[in-house]
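Each remark here refers to the structure printed beneath this line.
The values are calculated or read from the model by the stated rules, or taken from the named source; none is laboratory data. Given the structure is predicted, the values throughout are model-derived calculations rather than measurements. Here the Cβ positions follow ideal geometry from the backbone for every residue, glycine too, while neighbour counts run over all protein chains shown. Heads up: the accessible areas ignore ligands, DNA and RNA and are worked out on the full protein's heavy atoms, side chains in. Shrake-Rupley method; radii C 1.70, N 1.55, O 1.52, S 1.80 Å.
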Amino acid sequence: MIILKTKRNNMHKQKNYYQIEPTIDSKIIGKSELALSVEITNKQFLAFRKDKLVYVDNYFEQTEPYKDFPKNITGKMYQRKKSPIDIMQVMPMCLGIPFIISGKVKEILENLNIKKSEYHLEDLSIDGSSEPFYFLFIPMLKNSETIDYSKSVFYSTLQDRFAVFDTYEKYLTEKNNRFKVKNLFLSKALESQDIISVQAAGPFFSERIIDAFKENHVIGYDIIKGGDFKVDLKFS
């Protein structure tokens, strides 16, 4: 049974968003430097991935990158003798598929009425498990079309400096300095979404999704709270 608690909305309060990643907590996955991963060796999947989910330009050429996704895909746990959990990595990695998720996570997203335009699921079987699992597609938005470069703050570890670029074109001239976004400003129109993913960072999940994960004891994720990959999401 999925538990969902409702909170009184405050229209004047900005929504909180969180970045998550597959956990490497040894209490959950054992001694491993790699998060629990589902390895896919199916030839049809690998061909589909190479054609649509490896190169950014190819990815954005597709209106629906998951269209014609191969069916009846079976994976296996990369870590031997490990059982699948609610949130895992897919191996090899794919653009637009940050996680493999359990039926519990699927039910949470459905019960929260998350818009279908914000995510897409494809069935997956895992060797040794009778439970259903899914590839979680999250549409990736173009940096050039969604980021407000006049406000977003980037940081270069190579040069040890912060920068605001004003325009996407100016940002491109500095790409060799490996700037990572730290404060990300997106269009206010995107604030109505519960799941947001941009080339520069993400995916981000709304507070109500994370609350539902906690309430229903979803296993397999950590909230990113600091470090190079922590990004503060804001709207302008």
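Restricting attention to region 124-133, report how many residues are open to solvent by 20 Å² or more (accessible area, probe 1.4 Å) and under 19 Å from Leu46 (Cα atoms).
Step one: list which residues in region 124-133 are open to solvent by 20 Å² or more (accessible area, probe 1.4 Å), which gives 125, 127-132.
When the remaining residues are screened for being under 19 Å from Leu46 (Cα atoms), the result is 125, 127.
Summing the residues that are open to solvent by 20 Å² or more (accessible area, probe 1.4 Å) and under 19 Å from Leu46 (Cα atoms) in region 124-133 gives 2.
Among Thr23, Thr41, which is the only one that is at pLDDT 90 or above, farther than 28 Å from Glu207 by Cα and of a type in the set (S, T, N, Q)?
Residue meeting the stated conditions: Thr41.
Quick one: which of Thr157, Thr173 is open to solvent by 50 Å² or more (accessible area, probe 1.4 Å), over 18 Å from Gly220 (Cα atoms) and either aromatic (Phe, Trp, Tyr) or in contact with a Lys or Arg (Cβ under 8 Å, 6 or more places away or on another chain) (or both)? Give the derivation first.
Numbers: Thr173 fails: either aromatic (Phe, Trp, Tyr) or in contact with a Lys or Arg (Cβ under 8 Å, 6 or more places away or on another chain) (or both).
Checking each option against the conditions leaves just Thr157.
Looking only at region 98-111, how many residues end up being more than 24 Å from Glu39 (Cβ to Cβ) and either small (Gly, Ala, Ser) or open to solvent by 20 Å² or more (accessible area, probe 1.4 Å) (or both)? Can you show your working first?
Within region 98-111, the first condition is being more than 24 Å from Glu39 (Cβ to Cβ), and the residues that meet it are 107-111.
In the following step, the residues that additionally are either small (Gly, Ala, Ser) or open to solvent by 20 Å² or more (accessible area, probe 1.4 Å) (or both) were identified as 107, 110-111.
Result for region 98-111: 3.
Restricting attention to region 194-211, which residues are closer than 10 Å to Tyr17 by Cβ and surrounded by 19 or more Cβ atoms within 10 Å (Cβ to Cβ)?
Of the residues in region 194-211, the ones closer than 10 Å to Tyr17 by Cβ are 194-196, 202-207, 209-210.
Answer for region 194-211, where residues must be closer than 10 Å to Tyr17 by Cβ and surrounded by 19 or more Cβ atoms within 10 Å (Cβ to Cβ): Asp194, Ile195, Ile196, Gly202, Pro203, Phe204, Phe205, Ser206, Ile209.
Considering each of Glu215, Glu207, Glu191, Glu174 in turn, give the residue that is without any contact (Cβ under 8 Å) to a residue 60 or more places away in the chain and not aromatic (Phe, Trp, Tyr).
On inspection, the qualifying residue turns out to be Glu174.
Any idea which of Lys225, Lys182, Lys151, Lys214 is exposed (fewer than 14 other Cβ atoms within 10 Å of the Cβ), at pLDDT 95 or above and over 28 Å from Glu64 (Cα atoms)? Break it down stepwise before answering.
Values: Lys225 fails: at pLDDT 95 or above; Lys182 fails: exposed (fewer than 14 other Cβ atoms within 10 Å of the Cβ); Lys151 fails: exposed (fewer than 14 other Cβ atoms within 10 Å of the Cβ).
Only one candidate qualifies: Lys214.
Select from region 73-97 the residues that are open to solvent by 10 Å² or more (accessible area, probe 1.4 Å), touching a residue at least 40 places away in the same chain (Cβ under 8 Å), part of a loop (DSSP other than H, G, I, E, B) and not small (Gly, Ala, Ser) and list them in ascending order.
Tyr78, Gln79, Lys82, Pro84, Ile85, Asp86, Pro92, Leu95
Is it fair to say Ile114 is modelled with pLDDT of 95 or more, more than 23 Å from Asp222 (Cβ to Cβ), open to solvent by less than 40 Å² (accessible area, probe 1.4 Å) and not aromatic (Phe, Trp, Tyr)?
Working: modelled with pLDDT of 95 or more: yes; more than 23 Å from Asp222 (Cβ to Cβ): no; open to solvent by less than 40 Å² (accessible area, probe 1.4 Å): yes; not aromatic (Phe, Trp, Tyr): yes.
No: the conditions fail for Ile114.
Name the residues in region 43-69 that are acidic (Asp, Glu), surrounded by fewer than 12 Cβ atoms within 10 Å (Cβ to Cβ) and in a helix (DSSP H, G or I), would you?
Within region 43-69, Asp57, Glu61 qualify.
Only one residue in Leu190, Leu121, Leu136 is part of a helix (DSSP H, G or I) and either surrounded by 14 or more Cβ atoms within 10 Å (Cβ to Cβ) or at pLDDT 95 or above (or both), so which one is that? Lay out the reasoning, then the answer.
Working: Leu121 fails: part of a helix (DSSP H, G or I); Leu136 fails: part of a helix (DSSP H, G or I).
Sole residue among the options that is part of a helix (DSSP H, G or I) and either surrounded by 14 or more Cβ atoms within 10 Å (Cβ to Cβ) or at pLDDT 95 or above (or both): Leu190.
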